[in-house]
Structures are given as structure tokens and as C-alpha cells.
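Student: Structure below; questions to follow.
The values are calculated or read from the model by the stated rules, or taken from the named source; none is laboratory data. Note that the structure is predicted; figures quoted are calculated from it, not measured. Cβ: placed from backbone, ideal geometry, glycine included. Neighbour counts: every protein chain shown. Side chains included, ligands, DNA and RNA excluded: accessible areas come from the protein's heavy atoms. Shrake-Rupley method; radii C 1.70, N 1.55, O 1.52, S 1.80 Å.
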Amino acid sequence: MAAEAEILEELHRLRARVPQLTGALAAGADGLVLAQDTPGVDPQTMAALTGTAHDLAGRLTDATGQGDFRELLVRGVYGYVATYAAGRTALLTLLAQDRVNVGRLHLEGRRAGARIGELVDATPAPRPPAKAPAKTTAPRARTTRTSRSKPADTRDPVAETPTAPKVARTTTES
């Protein structure tokens, strides 16, 4: 996909602008990897955790009346994990050393997230393959049911019209 190459190029440019970045990943909000530059970190795990963090952060902003999710910053002992909204359906997650300038991280992360969002939102979603036409067969006779538990009466009412009972006749000769 052409957008994937452009997203990856944006991640490389971002890492060049912020040398303290140790990884960058673009993922769908569903937790699937779109493009990644994450040496030493499993991108699938990172994308899945990014999707989960996004869900939780979105619930938190909603519950507190803060509006739609925009970004999330987590600081650990060795550095930062920053996640930014990237358009309507994608996320940008950055890993940075502890000595990163957080203002610069936000500035560049927001810009890159906006650019990645443009790329992702401009890419049409893949369409599912068209279904093969159904085979046509002769129509089958339909049966009508009068209730759910009993089949409809299928007797021919004309053939079963009541007639006089037949009596066995015996003849005796006298």
C-alpha cells in the first residue's frame, strides 16, 4: 500500500528531527500496525497496547467531559511513551529517552500525527471481494404452516368429502 511507505517515511523524518526518540509506530485504533520503526520492541504488542491505552484514555476524557482523545503521555523511569491521535482512525505512538524535551516531543508528535492522519484518512478502505452470484435453481414448492408446531393440513378436501358409510352386504339364498 502506498500510504504505508509514506507513513514509514514520516516516522523516519520524525526520528531525525527528535534524536531522543527510540521508536515510532503508527497503528489503527483497532491495535493493528500500519507502519513502524521500533528497534528492540515488538511492534504488534506495542500496537495492541496503544489501542488499549487509547480506549481507556477515551473513556477517561469522556467520563470527565474533556472531549475526544487527543494525546496521552506516560513517563517511566527510563523515558516516555507518548500517543497522539492521527486522523479519525489512527494513532501515533512515540518512545523517547528520559532526557527528551517534552515540549519538542509534543510539538513534533502532534505535527507528525496530523500528517499521518491525512495519509490514513485519504486512503480508501479496502472493499471486501464481491460475492459470486447465487446459483439459480427451480423454485421449490412452498408449504404453508398454520402454527409453529404443526404442519399445515395437506389433505385434498375434495377427495375426502364424507360419503355414506359402506356396509358389507351378505346374501343368503333361501
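Student: Give me the residue from the range 33-64 that is open to solvent by less than 80 Å² (accessible area, probe 1.4 Å) and in a loop (DSSP other than H, G, I, E, B) and, out of that set, farthest from residue 10 (Cα to Cα).
Tutor: The selected residue is 64.
Student: Hey, residue 85 hits all of (1) small (Gly, Ala, Ser); (2) at pLDDT 95 or above; (3) more than 26 Å from residue 45 (Cβ to Cβ) but one; which does it fall short on?
Tutor: (3)
Student: Look through the range 1-32, keep the residues that are in contact with a helix residue (DSSP H, G or I) (Cβ under 7 Å, 6 or more places away or on another chain), of a type in the set (D, E, K, R) and closer than 15 Å to residue 108 by Cα, and return whichever of them is surrounded by the fewest Cβ atoms within 10 Å (Cβ to Cβ).
Tutor: Only one residue tops the list, namely 17.
Student: While we're looking at this one, here's another question. Do we find a residue being at pLDDT 95 or above and touching a helix residue (DSSP H, G or I) at 6+ places or on another chain (Cβ under 9 Å) anywhere in the range 54-65?
Tutor: no
Student: Only one of these is within 19 Å of residue 112 (Cβ to Cβ) and hydrophobic (A, V, I, L, M, F, W, C): 48, 29. Name it.
Tutor: Going through 48, 29 in turn, just one is within 19 Å of residue 112 (Cβ to Cβ) and hydrophobic (A, V, I, L, M, F, W, C): 29.
Student: If you don't mind, another one. Which of the residues that make up the range 65-120 are within 19 Å of residue 52 (Cβ to Cβ), among the hydroxyl-bearing types (Ser, Thr, Tyr) and not in a strand (DSSP E or B)?
Tutor: 89
Student: Please go through the range 72-106 and give me each residue that is among the charged types (D, E, K, R) and surrounded by 12 or more Cβ atoms within 10 Å (Cβ to Cβ), ordered by number.
Tutor: 75, 104
Student: Check off (1) modelled with pLDDT of 95 or more; (2) open to solvent by less than 60 Å² (accessible area, probe 1.4 Å); (3) on the phi < 0 side of the Ramachandran plot for residue 69 and give me the number that stays unchecked.
Tutor: It fails just one condition, (1).
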